[in-house]
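Some notes on the structure that comes next.
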Amino acid sequence: MNPLNRQLFFRGFHGKLREAFGRDDADRIWDEAGKEYGRILSSRPELKRHNGAMAVPAVALYRVLNASGKNAGELLNAYGAEMGKSFARIVHVVTGLPGADRFIWRHVDGFMKRESSEKLGYRSRLVSEPPEMYGVDILSCPFHELAKELGEEKAVLCICHMDKEYSQGFRHIRYDRNSAVSEGARACEYRLRFDPEKQ
């Protein structure tokens, strides 16, 4: 069985490949990417438990798409953005529950500190705290670092595109990220503001 089929984030990409290139070409790419994913994990089994493990299937797909003459970055980034929009719709519903928006805002600093902690492989710098704005610069992230180590740092831009889109789903919280280390910036600059007017 293709190990990519077990990847919750990436398994829908197979269907997108079929839409773009037809069944035969898409299935060949998918099978080759599954083999490449398996090869990476066979040579580096510790990556299964790496905090940036989600980068490994992205790297496998990126390599095989490029080797097949496809625009890997464009295809994966579009898929990441589409997935992010799907997640944004879920976030929008959840944050529409009475009091959910204010609860999230009250706990945003704790949530962000946990999700960007050194324990998870991040390096970050706090810029500002609520009530005006919560700002944090992510100086390095485990997805980017692992993809760079594997020689395909652009492969994880699809995850960045997903992140940027899903974050727009929060009701009453403006969530901006205008730069990313995977795009060559010095940091991923996250800026969150409570805004009762934002739907």
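Where a number appears in this text, it was derived from the coordinates with a stated rule and is not lab data. Predicted model only: the values in this text are computed from it and were never measured. Neighbour counts are summed over all protein chains in view; Cβ atoms, including those assigned to glycine, are modelled from backbone coordinates with ideal geometry.
Just a few scattered comments:
- Using the Cβ of PRO131 as centre and a radius below 15 Å, the other residues enclosed give a net charge of 0, where K and R count +1 and D and E count -1.
- Cross-link pairs exceeding 26 Å in C-alpha to C-alpha distance, out of LYS70/LYS119; LYS16/LYS85; LYS16/LYS198; LYS85/LYS198; LYS154/LYS198, comprise LYS70/LYS119; LYS16/LYS198; LYS154/LYS198.
- Estimated inter-spin distance, LEU126 and LYS113, nm [label 7 Å along Cα→Cβ]: 0.5
- Ellipticity estimate at 222 nm from DSSP helix runs (n ≥ 4, -39,500 (n - 2.57)) divided over the chain, nearest 500: -15500 deg cm²/dmol
- With q set to 0.24 Å⁻¹, the log10 of I(q)/I(0) for the stretch 104-199, from the Debye formula over equal scatterers at the Cα positions, is -1.33.
- Considering the stretch 3-194, its Cα convex hull presents a mean projected area of 10.9 nm².
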